[in-house]
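Here the structure is laid out as structure tokens; the discussion comes afterwards.
Any read-out appearing in this document is the output of simple, stated calculations on the displayed coordinates, not a laboratory observation. Every value quoted in this text rests on a predicted model; they were computed, and no experiment measured them. With ideal geometry, Cβ positions are generated from the backbone for all residues, glycine too; neighbour counts draw on all protein chains shown.
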Amino acid sequence: MEFLSYLISGVSLGSVYAIIALGYTMVYGIAKMLNFAHGDVIMVGGYISLLAMTSLGLPWPVAVILAMVVCTVLGVVIEGLAYRPLRAAPSLAVLITAIGVSYFLQNAAQLLWGASPRAYTPIVSGALSVGRLSISYVSLMTIAVCIIVMIALTVFTGKSKMGKAMRACSEDKGAAQLMGINVNRTISLTFAIGSALAAVAGVLLCSFNTSLMPTTGSMPGIKAFTAAVFGGIGSIPGAFLGGILLGVIEAMAKAYISTQLANSIVFAVLIIMLLVRPAGLLGKFVPEKV
Amino acid sequence: MGKKIKSAANRAPRLSKAAKIDYATYLGVILAFAVVTVLGSQGMLTRSFQGQLVPICCYIVMAISLNLTVGVLGELSLGHAGFMSVGAFSGIVAAMSFQASIPSEPVRLVIALCVGAACAAVTGLIVGVPVLRLRGDYLAIVTLAFGEIIKELINCLIVGHDENGLHVIFNFDGSKTISDLGLTENGIEIIKGAQGATGTDTIASFTAGFILIMITLVIVLNLVRSRSGRAIMALRDNRIAAESVGINVTKYKLMAFVTSAALAGAAGALYGLNFSNLGASKFNFNTSILILVFVVLGGLGKIWGSIIAATVLTILPEALRGFEDYRMLVYAIVLILVMLATNSPQAKAVFSRSVGGVKGIFACKGNKAKGGAANG
């Protein structure tokens, strides 16, 4: 029974990681850059939804939509101002720029909303009781949202015209452009989707932690990136699987081994995994051509 | 791939120029040390600046050593602070353990730096063997992971010393405290778990920092200009071509990585012995990133660039104290603008016309040295 409740909390935590990792993996797949600012977009999403619910008194679905809109705009603006001019630059320069954006968002949030943690009321309260097992509605909602997002993204990238354009761009930007695809617009769209997902993840994450501060997003951001690498970066089912597995490993490590070393165990599993399968669980290993 | 071959080809005739740059670097560091020492003895330096001298020396050594991994070897490392952490805490343990037996502070400092470097080198070897098999972003994420693991392990560490020798326990479940060490009455508590090292004897000095920088320069510059250094740079420029002419990939990658880790360990030991209280969380991901920023802004593969960037960017946030709340925001904006100005084609065209001279300092030319993440 105990094991089952740990498993459920692990899966729901993993679902949050998976939603963040989906955004990460899409952006990486198309722009080939580590967007370190992604975690901070999550934090902005959390603050916007909190302010919408407390200061404006809006109901939570409206607050979530507002957070998604704000984060989408933020993501597109960041991409347009900071990343687009560096499209041809070496990837290390883009990485440092992403770190700069991350610092900027954290410090701007600190100035706007203060450095001290704010209490966050979970968007839905209560729990479902099955026998002796009690599952909070937030957990159930997180898992449901994660599955819906995963399926929607798979269908979108597989079937729709824009999704196909995305896949074409991630394969070969030059060839995609020759086929009449607007590469810049496609990349902007990817950032928009990733940032909207980050807003959703922000609301769910804050509902779990019940608190929020300007650095809330950085550690989940790093872990979600780990999850994306774990599952094979660039792969949507991989990000989903990686996120869930990472959440479960973290919950189990906390419950049975050591609370203090939970993150270390997660990272150690990642290292071992990468040594066995260097391209991640579902990633394709591409041999280099000479 | 074509660009890199070009940069390798025109390296040979520039050898004398490289030597000139090296000597200028040595001379610059010596001059800076002399000027700061003279100013200090005249009492012309503010107290806060004097407090920063040793950290600046440590960051310079960190930046040079990371430049060896990122700039010269071409592998992106996001966990360099982990090696600094290993060096800092092992150095503190060494210095505190010999407190009774060796009264001379400089001797203890030298021992601490050597122990720090050795422990970090061993860690570098343990990390490097599996990590260097990976490439690009995967390597970056694994170095990040190792940095976090090192941080959490040191957070669990409780160390004390008495006449029976060292006492070490790992506080895995959070239940153990310093009293579980069973120290005798004369024993000293050195590292107290999550609290970190407290009550450390601060024996680091600016002169020691200067000597460490000089030793680092001698090691790194001689390595880079040697046969081994050329092999390492060949691996960076084109791994497959280098392998096909018989360069041992693992050997040279490990050589650069372990040297880099050892130097970071020595810098860490000096840093650790400069503060009486130090927690493991000081050496987190943000510190690794900070040092990476020094390296990238100073120019990949440019040792003198790392020195200048580390100095300027350590002083800058302090100089911006007047802005108080806004200083980190300004820092972030400056960082983004500098990256945009030096790397985007449009800005470059405008920039080179107006402030051509300034650009060279912050040049981060990608075709000179590829970023580790560039080639997955």
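The figures follow:
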read-out: Estimated Rh, chain A: Kirkwood, alpha-carbon pairs, angstrom; value: 19.4
read-out: Residues residue B:173 and residue A:133, FRET efficiency given R0 of 30 Å [Cβ-Cβ distance, rounded to 0.05]; value: 0.70
read-out: Span from the segment A:15-83 Cα centroid across to the segment B:94-166 one, whole angstrom; value: 38
read-out: Relative contact order (%) - criterion: Cα under 8 Å, at least six apart; region: chain B; value: 31
read-out: Stokes-Einstein D (µm²/s) once Rh is taken as the Kirkwood radius of segment A:32-102 over alpha-carbon pairs, at 25 °C in 0.890 mPa s; value: 187
read-out: 5 angstrom amide H check on residue A:118, placed H, neighbours 5+ away; value: A:212, A:213
read-out: Relative contact order of chain A, defined on C-alpha pairs under 8 angstrom at six or more residues apart (%); value: 37
read-out: Cα centroid of segment A:122-141 to Cα centroid of segment B:260-291, whole Å; value: 44
read-out: From phi via Karplus (6.51, -1.76, 1.60), per-residue ³J(HN,Hα) for segment B:88-95 in Hz, x at Gly/Pro; value: 4, 6, 5, x, 4, 4, 5, 5
read-out: Relative exposure of A:208, B:146, judged by other C-beta atoms within 10 Å (fewest first); value: A:208, B:146
read-out: Proxy reagent accessibility, fewest Cβ within 10 Å first, across B:333, B:303; value: B:333, B:303
read-out: 10 Å Cβ neighbours from other chains, averaged over peptide A:259-270; value: 5
read-out: P(r) histogram, all alpha-carbon pairs of segment A:120-188 included - 5 Å bins from 0, percent; value: 3, 15, 15, 13, 10, 9, 8, 9, 8, 6, 3, 1, 0
read-out: Distant-in-sequence amide H partners of residue B:205 (H built 1.01 Å from N, under 5 Å); value: none
read-out: At 1.002 mPa s and 20 °C, Stokes D of segment B:2-361 from Kirkwood alpha-carbon radius, µm² per second; value: 99
read-out: Highest-first arrangement of B:190-199, B:224-233, where packing means the average Cβ count within 10 Å; value: B:190-199, B:224-233
read-out: Amide H within-cut-off set for residue B:157, under 5 Å, with H built and near neighbours excluded; value: B:171, B:193
read-out: Note, ³J(HN,Hα) from phi for segment B:144-155, Karplus 6.51, -1.76, 1.60, rounded to Hz, x at Gly and Pro; value: 4, 4, 5, x, 5, 4, 4, 4, 5, 5, 5, 4
read-out: Residues listed by number, segment B:249-283, amide nitrogen under 17 Å from residue B:194 label point at 7 Å toward C-beta; value: B:278-283
read-out: Inter-chain Cβ neighbour average for residues B:328-336, partner chain, 10 Å; value: 6
read-out: Fully extended contour minus Cα-Cα distance, from residue B:316 to residue B:122, at 0.36 nm per residue; value: 66.4 nm
read-out: Per-residue ³J(HN,Hα) for segment A:133-150, Karplus 6.51 cos²θ - 1.76 cosθ + 1.60, θ = phi - 60°, Hz, x for Gly and Pro; value: 8, 10, 10, 6, 5, 4, 4, 4, 5, 4, 4, 4, 4, 4, 5, 4, 4, 4
read-out: Kirkwood hydrodynamic radius of segment A:83-228, Cα pairs, Å; value: 18.2
read-out: Shielding score for A:104-110, defined as the mean number of other chain Cβ atoms within 10 Å; value: 4
read-out: Approximate spin-label separation residue B:244-residue B:133, in nm, with each point projected 7 Å along Cα-to-Cβ; value: 2.5
read-out: GNM top mover of A:260, A:106, A:177 - chain A, alpha-carbon springs below 10 Å; value: A:260
read-out: Sorted by Cβ density within 10 Å, fewest first, the residues A:256, B:326, B:271; value: A:256, B:326, B:271
read-out: Efficiency of FRET between residue A:140 and residue A:160 - r from beta-carbon atoms, R0 22 angstrom, step 0.05; value: 0.15
read-out: For peptides A:276-283, A:124-131, B:176-183, A:135-142, sequence by mean Cβ density within 10 Å, most packed first; value: A:135-142, A:276-283, B:176-183, A:124-131
read-out: Kirkwood hydrodynamic radius of segment B:250-294, from inverse mean 1/r over distinct Cα pairs, in Å; value: 12.1
read-out: Computed [θ] at 222 nm, deg cm²/dmol, the protein assembly as shown (DSSP H ≥ 4; -39,500 (n - 2.57); rounded to nearest 500); value: -22500 deg cm²/dmol
read-out: Measure of compaction for segment B:64-159 (Cα Rg per 2.2 N^0.38 Å); value: 1.22
read-out: The protein assembly as shown: radius of gyration and largest Cα-Cα distance (Dmax), Å; value: 25.3, 80
read-out: Virtual spin-label span in nm between residue B:330 and residue A:65, 7 Å along Cα→Cβ; value: 4.3
read-out: Segment B:88-164: relative contact order in percent, alpha carbon pairs under 8 Å with at least 6 residues between; value: 29
